[in-house]
Amino acid sequence: MKLPKLLVVGHGRHGKDTVCDLLQNYGYTFQSSSKFCSKLFIFDTLKDKYGYANEDECYHDRHNHRTEWYDLIHGYCSDDLAKLGRNLYAQHDIYCGLRNKREFFAMQNEELFDYAIWVDRTDHLPLEHPSSMSIEQWMCDYTIDNNGDLARLKKNVDVLINTIFKHQAVTRPLTT
């Protein structure tokens, strides 16, 4: 049976990529939406402005320009709010890192993803400013608690994926 499509969201540096790395143990594929967009168009847009030598340098500097990246990605989707989601899901099972609620609702309305998962690490890290993150926890189907150590996060991902697979009536052995 086909894996359910997942959308993994949360505030900056709260562990979205780590959760997605762990989900690969269950057969999922992903690429950070920031990396996807950097390769697709952001590097070409910003390379001269910031003097980036290559796409990796641009990608690794993204945290210094979160609002600008947010605006560029939203601009890319302005004529079709679900465009990036369709492009990303055509290549991967997980969209990791969406930050715009209008794009979220457009993708939800087109049923591009089956479940939205919020990654929370608010016991240790601050919330992101609304200028670069407009999705809220209540919009998501599930929340992953990432306030403990990596072993606890692995357990939380295992419980989540088993719940999702049970809900989807997927019957196959799970490995962690």
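A few notes on this one:
- Condition met for I117 (closer than 30 Å to R152 by Cα, assigned to a loop (DSSP other than H, G, I, E, B), open to solvent by less than 20 Å² (accessible area, probe 1.4 Å) and of a type in the set (V, I, T)): no
- Qualifying residues in region 34-50 (those that are within 17 Å of the chain's Cα centre (by Cα) and either among the hydroxyl-bearing types (S, T, Y) or within 22 Å of R152 (Cα to Cα) (or both)) - the one surrounded by the fewest Cβ atoms within 10 Å (Cβ to Cβ): S34
- Residues of region 102-111 that are crowded, with 17+ Cβ neighbours inside 10 Å, modelled with pLDDT of 95 or more and either out of contact with any Gly (no Cβ under 6 Å at 6 or more places or on another chain) or assigned to a loop (DSSP other than H, G, I, E, B) (or both): F104, A106.
- Looking only at region 1-33, residues that are surrounded by fewer than 23 Cβ atoms within 10 Å (Cβ to Cβ), within 18 Å of H65 (Cβ to Cβ) and touching a helix residue (DSSP H, G or I) at 6+ places or on another chain (Cβ under 7 Å) come to 2 in all.
- With respect to the conditions (1) assigned to a helix (DSSP H, G or I); (2) farther than 30 Å from Y115 by Cβ; (3) open to solvent by 50 Å² or more (accessible area, probe 1.4 Å), A53 falls short on a single one, namely (1).
- Residue in region 56-81 that is nearest to L112 (Cα to Cα), counting only those that are part of a helix (DSSP H, G or I) and aliphatic (A, V, I, L, M): I73
- Taking region 16-28 as the range and being over 10 Å from the mean Cα position of the chain (by Cα) and either under 22 Å from R62 (Cα atoms) or among the acidic types (D, E) (or both) as the test, the residues that pass are T18, D21.
- Some residue of region 153-166 being open to solvent by less than 80 Å² (accessible area, probe 1.4 Å) and more than 16 Å from L23 (Cα to Cα): no
- Evaluation of Y89 against (1) modelled with pLDDT of 95 or more; (2) open to solvent by 40 Å² or more (accessible area, probe 1.4 Å); (3) under 17 Å from F104 (Cβ atoms) (one fails), failing number: (2)
- Qualifying residue in region 125-147 (condition: buried (at least 22 other Cβ atoms within 10 Å of the Cβ), among the polar types (S, T, N, Q) and assigned to a loop (DSSP other than H, G, I, E, B)): yes
The values are calculated or read from the model by the stated rules, or taken from the named source; none is laboratory data. These numbers were taken from a predicted model, which means no experiment stands behind them. A quick note on method: Cβ atoms are made from the backbone with ideal geometry, for glycine too, and the neighbour counts reach across all protein chains shown. Only protein heavy atoms, including side chains, enter the accessible area calculation; ligands, DNA and RNA are left aside. Shrake-Rupley method; radii C 1.70, N 1.55, O 1.52, S 1.80 Å.
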